[in-house]
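This is the structure, below, for whatever I ask next.
Every read-out reported here was derived from the displayed coordinates using simple, explicitly stated rules and does not represent laboratory data. Fair warning: this is a prediction, and the values are worked out from it, not measured in the lab. In this analysis, Cβ positions are derived from the backbone assuming ideal geometry, glycine residues included, and neighbour counts consider all displayed protein chains.
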């Protein structure tokens with residue numbers, strides 16, 4: 001397994017509000033949100049794999065395209 005980074009600017013096409021108290025990221029206008037443990041579908045947009053130390057590898061993700069994001073968002077699109 002490897003870890004990847006999904007920056008808050010790559011989640012939605014709108015401003016994001018971060019609530020650290022309840023561990024929630026929410027779209028300012030749509031109300032779409034992610035919470036700790038939310039399942040998402042994303043796209044790999046960058047990678048820098050370190051063969052000598054895989055834990056030092058960097059993988060960047062994006063959720064802004066149709067069909068990506070939290071699973072409940074994807075179901076709403078259909």
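Take the residues of the range 5-21 that are surrounded by 14 or more Cβ atoms within 10 Å (Cβ to Cβ) and touching a residue at least 40 places away in the same chain (Cβ under 8 Å): which is farthest from residue 56 (Cα to Cα)?
12
Name every residue in the range 31-58 that is over 16 Å from the mean Cα position of the chain (by Cα) and loosely packed, with under 14 Cβ neighbours inside 10 Å, in order of residue number.
48, 49, 50, 51, 52, 53, 54, 55, 56
Same structure again: Please indicate, with yes or no, whether at least one residue in the range 61-73 is more than 15 Å from the chain's Cα centre (by Cα) and either within 12 Å of residue 6 (Cβ to Cβ) or assigned to a strand (DSSP E or B) (or both).
Checked against the condition, which is being more than 15 Å from the chain's Cα centre (by Cα) and either within 12 Å of residue 6 (Cβ to Cβ) or assigned to a strand (DSSP E or B) (or both), the range 61-73 yields no hits at all.
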